[in-house]
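*Asks:* The structure's right below; bear with me while I get my questions together.
The values are calculated or read from the model by the stated rules, or taken from the named source; none is laboratory data. None of the values given here were measured: they were computed from a predicted structure. When we count neighbours, we look across all protein chains shown, and the Cβ atoms used for this are built from the backbone with ideal geometry, even at glycine.
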Amino acid sequence: MFSRKQQLIDRTGKDGVGRYDFLRLLVVEFNTTKSQEAKEQVLANLANFAYDPVNYEYIRQLHIIDLFFAVITENNITLIRFAIGGICNLCLDPENKAYIIRNNGVASILTLLSSSDEETVLSTITTLIFLITPASKSEITSKNVIECMTRISESAGSTRLRNLATVFLNDYCKENELSESTEKAHIIT
């Protein structure tokens, strides 16, 4: 549920921990805990807070976007799933989108298309769709990405993945790019 800043202040009360401080405490806990389970829980919470536009300013101030990007290079599938989910939640905001694109985020996100985790790939494709701008379109709809999406759309695996890859191809790729990619994908398989 989306909140307004005044609603948050009213609910927090004058002696409570505010949203910024709570998010800061989560970041500190994530960075200091030794427990993998605690890290996963904290990152899941941060990804959920990334859903509410009221938190965007705090998230930028606390460099949580950078935290999400640092995590997607780790070897923990659960952490990666939560990190890309958080990025996906944030990237519809124009300022967050610009930050991600400007800081080479698209290249980092593209690496997740090969994940074995279905939820990670679903969030990755959705994030790529949300990040398409005139400046980022050529990178997001590159020949390699189109070939990968074509393989996903034609795979026998998850219906959700096939459908989302098909939406990506149909809505964001040119017809001539698709026919080249389809021919190449059939040669490879």
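*Asks:* Of GLU95, GLU119, GLU74, which residue is at pLDDT below 95 and touching a helix residue (DSSP H, G or I) at 6+ places or on another chain (Cβ under 9 Å)?
*Replies:* Result of the check over GLU95, GLU119, GLU74: GLU74.
*Asks:* If you don't mind, there's one more thing I want to ask. Mind telling me which of the residues ILE84, ILE125 ends up being within 20 Å of ASP52 (Cα to Cα), touching a helix residue (DSSP H, G or I) at 6+ places or on another chain (Cβ under 7 Å), in a helix (DSSP H, G or I) and not aromatic (Phe, Trp, Tyr)?
*Replies:* ILE84
*Asks:* Sticking with this structure for a sec: Restricting attention to the stretch 71-101, which residues are surrounded by fewer than 21 Cβ atoms within 10 Å (Cβ to Cβ) and polar (S, T, N, Q)?
*Replies:* Passing the criteria: THR73, ASN75, ASN76, THR78.
*Asks:* A further question on this structure: Quickly run through the stretch 77-92 and pick out the residues that are within 10 Å of ALA47 (Cα to Cα) and either out of contact with any Leu (no Cβ under 8 Å at 6 or more places or on another chain) or modelled with pLDDT under 95 (or both).
*Replies:* ARG81, GLY85, ILE87, CYS88, ASN89, LEU90 - these are the residues of the stretch 77-92 that are within 10 Å of ALA47 (Cα to Cα) and either out of contact with any Leu (no Cβ under 8 Å at 6 or more places or on another chain) or modelled with pLDDT under 95 (or both).
*Asks:* Identify the residue in the stretch 124-179 that is under 24 Å from ILE65 (Cα atoms) and free of Cβ contacts under 8 Å to residues at least 24 places away in the same chain and, among all such residues, is surrounded by the most Cβ atoms within 10 Å (Cβ to Cβ).
*Replies:* Within the stretch 124-179, the match that is surrounded by the most Cβ atoms within 10 Å (Cβ to Cβ) is SER138.
*Asks:* Does ASN104 satisfy the criteria of being without any contact (Cβ under 8 Å) to a residue 24 or more places away in the chain, within 22 Å of ILE129 (Cα to Cα) and exposed (fewer than 15 other Cβ atoms within 10 Å of the Cβ)?
*Replies:* Yes.
The rows are residues; the columns are (1) farther than 19 Å from ARG151 by Cα; (2) in the same structural domain as GLN41 (by TED's automatic domain parsing); (3) part of a helix (DSSP H, G or I); (4) among the hydroxyl-bearing types (Ser, Thr, Tyr).
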position: GLU74; (1), (2), (3), (4): yes, yes, no, no
position: THR78; (1), (2), (3), (4): yes, yes, yes, yes
position: LYS97; (1), (2), (3), (4): yes, yes, yes, no
position: ILE101; (1), (2), (3), (4): yes, yes, yes, no
position: GLU119; (1), (2), (3), (4): no, yes, yes, no
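*Asks:* OK, next. Determine whether the stretch 71-85 contains at least one residue that is within 24 Å of ASP171 (Cβ to Cβ) and not basic (Lys, Arg). Break it down stepwise before answering.
*Replies:* In the first step, residues of the stretch 71-85 are kept if they are within 24 Å of ASP171 (Cβ to Cβ); the result is 84-85.
With the extra rule that they be not basic (Lys, Arg), the set shrinks to 84-85.
Yes: the stretch 71-85 contains one or more residues that are within 24 Å of ASP171 (Cβ to Cβ) and not basic (Lys, Arg).
*Asks:* Output yes when any residue across the stretch 31-39 is buried (at least 16 other Cβ atoms within 10 Å of the Cβ), closer than 21 Å to ASP117 by Cα and of a type in the set (D, E, K, R), and no when none is. Walk me through how you get there before you give the answer.
*Replies:* Step one: filter the stretch 31-39 for residues buried (at least 16 other Cβ atoms within 10 Å of the Cβ), giving 39.
Pick out the ones that are also closer than 21 Å to ASP117 by Cα and you get 39.
Next, only the ones that are of a type in the set (D, E, K, R) stay: 39.
The answer is yes, given that some residue of the stretch 31-39 is buried (at least 16 other Cβ atoms within 10 Å of the Cβ), closer than 21 Å to ASP117 by Cα and of a type in the set (D, E, K, R).
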